[in-house]
1. Quick check on the stretch 87-133: of everything there that is among the hydrophobic types (A, V, I, L, M, F, W, C) and either loosely packed, with under 13 Cβ neighbours inside 10 Å or out of contact with any strand residue (DSSP E or B) (no Cβ under 8 Å at 6 or more places or on another chain) (or both), which residue is modelled with the lowest pLDDT?
2. For the stretch 136-157, what are the residues that are closer than 18 Å to Gly110 by Cβ and surrounded by 14 or more Cβ atoms within 10 Å (Cβ to Cβ)?
3. Since Glu80 meets every condition but one in (1) touching a residue at least 40 places away in the same chain (Cβ under 8 Å); (2) surrounded by fewer than 21 Cβ atoms within 10 Å (Cβ to Cβ), which condition does it not meet?
4. Would you check if there is a residue in the stretch 32-46 being under 19 Å from Phe137 (Cα atoms) and part of a helix (DSSP H, G or I)?
5. Can you list the strands (runs of 3 or more DSSP E) lying wholly within the stretch 51-154 that have 3 or more residues being among the β-branched types (Val, Ile, Thr)?
6. Going by the conditions given, is Arg57 of a type in the set (D, E, K, R), surrounded by fewer than 19 Cβ atoms within 10 Å (Cβ to Cβ) and more than 16 Å from the chain's Cα centre (by Cα)?
Amino acid sequence: MTAPVKLAVGDRAPAFDLPTAGGGRVSLAELRGAPALIWFYPAANTSLCTKQACDLRDNHQMFLDAGYRVVGISPDPIAELDRFAEEQDLPYTLAGDETHQVMEAYGAWGEKNMYGKKVQGTIRSTVALDAEGVLTFVKYRVGTPKHIALLQEKLGL
């Protein structure tokens, strides 16, 4: 198993184009012109991911007020993302990366320890990028309970 790529502040965000809940697509090119927050999570409708998604939902206006577009990316199929967005009333974009190529490019896919076993999977991660697609914040192994406070501090929200 190879170690995942690790991006850093100042790196250019890797290009991507993914299908989204609701039948659309989202791409890095489309996000240009405004800052964006991209969070990578393991699975829709699981306890920690739902908590994180709802925290972002409950604070979504704060991100909008600062000009950010919020995009969640997971390896889930679109049907599962549609259900997640509907059940949790999520106001931001959810994209599916079933091949996990985008997650790999962002360093959000790789070896992790799950219940004492090493497995390949999504590494809960968050990145922010500026209007030009340059990373302004990178955090791997995000702690769900402190996610919003961390973003408020690091992004000046």
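1. Residue satisfying both the conditions and the ranking: Met114.
2. Within the stretch 136-157, Val138, Lys139, Tyr140, Val142 meet the criteria.
3. Here Glu80 clears every test but (1).
4. No, there is no match, as no residue in the stretch 32-46 is under 19 Å from Phe137 (Cα atoms) and part of a helix (DSSP H, G or I).
5. Because the criterion is at least 3 residues that are among the β-branched types (Val, Ile, Thr), the strands (runs of 3 or more DSSP E) in the stretch 51-154 that meet it are 69-74.
6. Judged against the criteria, Arg57 is not a match.
The values are calculated or read from the model by the stated rules, or taken from the named source; none is laboratory data. This structure is a prediction, so every number in the text was calculated from the model and none was measured. Every residue, glycine as well, gets a Cβ built from its backbone with ideal geometry; the counts of neighbours run over all protein chains shown.
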